[in-house]
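Q: I'd like to ask some things about the structure below.
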Amino acid sequence: MGNIQLIGIVGAGQMGRGIAQVAAQTGYDVVLFDAFKNSLDFGHGFIKTQLDKGVEKGKWGREQADQAFSKIKTTVEITDLKNCDLVIEAATEKAQLKFEIFKKLDEVVKPEAILASNTSSISITEIAAQTKRADKVAGMHFMNPVPVMKLVEGIRGLETSDETFNTVAAVSEKMGKTFVRAQDYPGFAVNRILMPMINEAVYALYEGVASAKDIDTAMKLGTNQPMGPLELADFIGLDTCLAIMNVLHDGLADTKYRPCPLLRQYVAAGRLGRKNGKGFHSYDK
């Protein structure tokens, strides 16, 4: 199981295409799957654009870029993942969707393959329970943007084997990432800490402590963060932030994780952040 050569990616969105690019650039053959042809074509084209930009900036040569791109095959048929040694799911952060994907992957992917989820908050143990290979399921939480951010948060479900966890750690490190280990508790390590900070910043705005601009400026200059918490929430997507806060609140049953009413209101209004041009700040689409 430790010999990983062919990696499948489920979802050609922001995270999936980033994982596919990094995997291909570090020598893996990749099958990029998305059920929607338009999303798949856009994601594949986006990878090509990013590789070309890297050539223009001198980050890598033309031959390296072309070789990496040639390693990525695309498909709208999930059965084309059948021969993958590792499949990384990077679909929308919705539990039921992920459960359905893992049930299907368990049916079509060879029995000895590892199935991993890029989830940022949903229980790996619950995801693994949708399969007949719970020992071969783990979390690989990449950070956005994947080609830039150096971290992969590894999450071990209740049944995840040592061999599986060591394998996903080795794959992450081959991709040039630093691998940190977290247990399967709501939010894991990164979002258990990050999301309450973002939520508190939303409360500060909600209660009139300071403006969105001043909250972000204060945190950038006062705590040496590269991006203010409200700006970061816009970057992540306010719908995603709300979904993660709901997981924390439901899973830990502590009122300190209650999503701010203003965050709920913004999501209800469709103000989702950078992805649609307006969140706590406004952006040119």
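Q: Considering only the stretch 193-245, state which residues are farther than 17 Å from Pro261 by Cα, at pLDDT 95 or above and β-branched (Val, Ile, Thr).
A: Hits for the stretch 193-245 are Ile193, Ile215, Thr217, Thr223.
Q: Also: Can you list residue pairs whose Cβ atoms sit under 7 Å apart, with the first residue in the stretch 269-285 being within 13 Å of Glu231 (Cα to Cα) and not assigned by TED's automatic domain parsing to the domain that holds Asp216 and the second being hydrophobic (A, V, I, L, M, F, W, C) and not in a helix (DSSP H, G or I)? Count only pairs 6 or more apart in sequence or on different chains.
A: Gly279/Leu272
Q: Those residues that are of a type in the set (Val, Ile, Thr) and farther than 24 Å from Asp106 by Cβ, I need them from the stretch 1-38; list them, please. Write out each step before concluding.
A: In the first step, residues of the stretch 1-38 are kept if they are of a type in the set (Val, Ile, Thr); the result is 4, 7, 9-10, 19, 22, 26, 30-31.
Selection gives Val22, Thr26.
Q: Residues that are under 16 Å from Gly43 (Cβ atoms), at least 3 per element: which strands (runs of 3 or more DSSP E) completely within the stretch 60-125 meet that? Don't jump to the end; show me each part of the working.
A: Values: elements: 72-75, 86-89, 114-117.
Ranges flagged: 72-75.
Q: In addition: Only one of these is surrounded by fewer than 23 Cβ atoms within 10 Å (Cβ to Cβ), in contact with a strand residue (DSSP E or B) (Cβ under 7 Å, 6 or more places away or on another chain) and in the same structural domain as Glu126 (by TED's automatic domain parsing): Leu81, Leu97, Leu40, Leu86. Name it.
A: Leu40
Q: Identify, by number, the condition in (1) outside any loop (DSSP other than H, G, I, E, B); (2) crowded, with 16+ Cβ neighbours inside 10 Å that Thr217 doesn't meet.
A: (2)
Q: Now a separate question. Which pairs do you get when a residue that is in a strand (DSSP E or B), found in the stretch 6-27, comes within reach of a residue that is surrounded by fewer than 24 Cβ atoms within 10 Å (Cβ to Cβ) and polar (S, T, N, Q), reach meaning Cβ atoms under 8 angstrom, with the pair 6+ apart or on two chains?
A: Leu6/Asn83
Q: Here's a check for you: in the stretch 121-156, which residue that is more than 17 Å from the chain's Cα centre (by Cα) and small (Gly, Ala, Ser) is nearest to Leu194 (Cα to Cα)? Outline the logic, then answer.
A: In the first step, residues of the stretch 121-156 are kept if they are more than 17 Å from the chain's Cα centre (by Cα); the result is 125-126, 128-136.
From what is left, the residues that are small (Gly, Ala, Ser) are 128-129, 134.
Values: Ala128: 25, Ala129: 27, Ala134: 28 Å.
Once the filter is applied, the top-ranked residue is Ala128.
Q: Now, a different point. Quick one: which of Val152, Val146, Val137, Val108 is touching a residue at least 60 places away in the same chain (Cβ under 8 Å) and either in the same structural domain as Ser39 (by TED's automatic domain parsing) or out of contact with any Gly (no Cβ under 7 Å at 6 or more places or on another chain) (or both)?
A: Result: Val146 is the single residue among Val152, Val146, Val137, Val108 that is touching a residue at least 60 places away in the same chain (Cβ under 8 Å) and either in the same structural domain as Ser39 (by TED's automatic domain parsing) or out of contact with any Gly (no Cβ under 7 Å at 6 or more places or on another chain) (or both).
Q: Here's another thing I want to ask about it. Looking at this structure, is Gln50 more than 27 Å from Asp106 (Cα to Cα), touching a residue at least 24 places away in the same chain (Cβ under 8 Å), out of contact with any helix residue (DSSP H, G or I) (no Cβ under 7 Å at 6 or more places or on another chain) and not β-branched (Val, Ile, Thr)? Step through it out loud before you land on a result.
A: On the way: more than 27 Å from Asp106 (Cα to Cα): yes; touching a residue at least 24 places away in the same chain (Cβ under 8 Å): yes; out of contact with any helix residue (DSSP H, G or I) (no Cβ under 7 Å at 6 or more places or on another chain): no; not β-branched (Val, Ile, Thr): yes.
In short, no.
Q: Being surrounded by fewer than 19 Cβ atoms within 10 Å (Cβ to Cβ) and in contact with a Phe, Trp or Tyr (Cβ under 8 Å, 6 or more places away or on another chain) narrows it down to one of Val137, Val76, Val148, so name that one. Break it down stepwise before answering.
A: Values: Val137 fails: surrounded by fewer than 19 Cβ atoms within 10 Å (Cβ to Cβ); Val148 fails: in contact with a Phe, Trp or Tyr (Cβ under 8 Å, 6 or more places away or on another chain).
Checking each option against the conditions leaves just Val76.
Q: Let me ask something additional. What tally of residues in the stretch 160-195 results from selecting those that are more than 17 Å from the chain's Cα centre (by Cα), touching a residue at least 40 places away in the same chain (Cβ under 8 Å) and crowded, with 18+ Cβ neighbours inside 10 Å?
A: 2
The values are calculated or read from the model by the stated rules, or taken from the named source; none is laboratory data. Since this is a predicted model, take the numbers as computed values, not measurements. Cβ coordinates were reconstructed from backbone atoms using ideal geometry, including for glycine residues, and neighbour counts include every protein chain displayed.
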